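Read-outs throughout are calculated quantities, based only on the coordinates presented, and are distinct from any laboratory measurement. These figures come from a predicted structure and were not determined experimentally. Please note: Cβ atoms are built from the backbone with ideal geometry, for glycine as well, and neighbour counts cover all protein chains shown.
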Amino acid sequence: MFIYGHRFIKSESFYHVESIDSIQNTPPSSTLFVEFDESSLDIIEHIRANQMIFSLSVKNITEIIYASELGASFIVVNKDLAKTAQDIANNYLFDAKILVHIDNENEIENIALIGIDGVIFSNAIIKTVS
């Protein structure tokens with residue numbers, strides 16, 4: 001199980017970008033975090049063209065499919081969508097890992113029991129500016 005942002009476990013950070021310009025303010029070889037929306041497609045295309053690692057935060061099943069097709073390394077979902085997202089990822093053999101956004105370490109056990117790839121705490125996501 002992947003765990004990002006837990007106080008006991010050293011892990012990489014994800015850099016939340018809202019524009020192509022803000023990508024320049026991230027460290028080299030960092031994992032970018034993008035909230036999926038039709039308005040973010042230009043950012044995603046830029047990331048893909050430059051072969052950067054990125055995660056997409058999604059809100060529904062259709063966006064899970066889009067995230068995989070767009071080449072996201074990580075697909076971030078809320079707890080309510082977690083089991084469905086993982087089932088879809090397993091069924092279609094996604095390369096992307098499913099991460100559940102959590103706020104409390106007590107949630108790790110329940111997420112592990114339903115077989116989700118990993119969790120991400122808010123402090124693992126660093127907001128960047130343009």
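Cβ separations smaller than 8 Å between residues 6+ apart or across chains give the following pairs from the range 13-33 residues that are within 16 Å of S122 (Cβ to Cβ) to residues that are among the acidic types (D, E): H16/E35; T31/E12.
The single condition from (1) more than 30 Å from E109 (Cβ to Cβ); (2) buried (at least 18 other Cβ atoms within 10 Å of the Cβ) that N25 fails is (2). Note on the range 23-42: among residues that are more than 15 Å from the chain's Cα centre (by Cα) and part of a helix (DSSP H, G or I), the one that is farthest from L81 (Cα to Cα) is I23.
Set side by side, the residues A89, A49, A82 differ, and just one is farther than 19 Å from D117 by Cβ and either of a type in the set (G, A, S) or touching a helix residue (DSSP H, G or I) at 6+ places or on another chain (Cβ under 8 Å) (or both), which is A49. Take the residues in the range 96-130 that are touching a strand residue (DSSP E or B) at 6+ places or on another chain (Cβ under 8 Å) and among the polar types (S, T, N, Q), then tell me which one is farthest from F54 (Cα to Cα). Filtering first and then ranking leaves S122. When S30 is tested against (1) exposed (fewer than 13 other Cβ atoms within 10 Å of the Cβ); (2) in contact with a Phe, Trp or Tyr (Cβ under 6 Å, 6 or more places away or on another chain); (3) not acidic (D, E), just one condition goes unmet, and that condition is (1).
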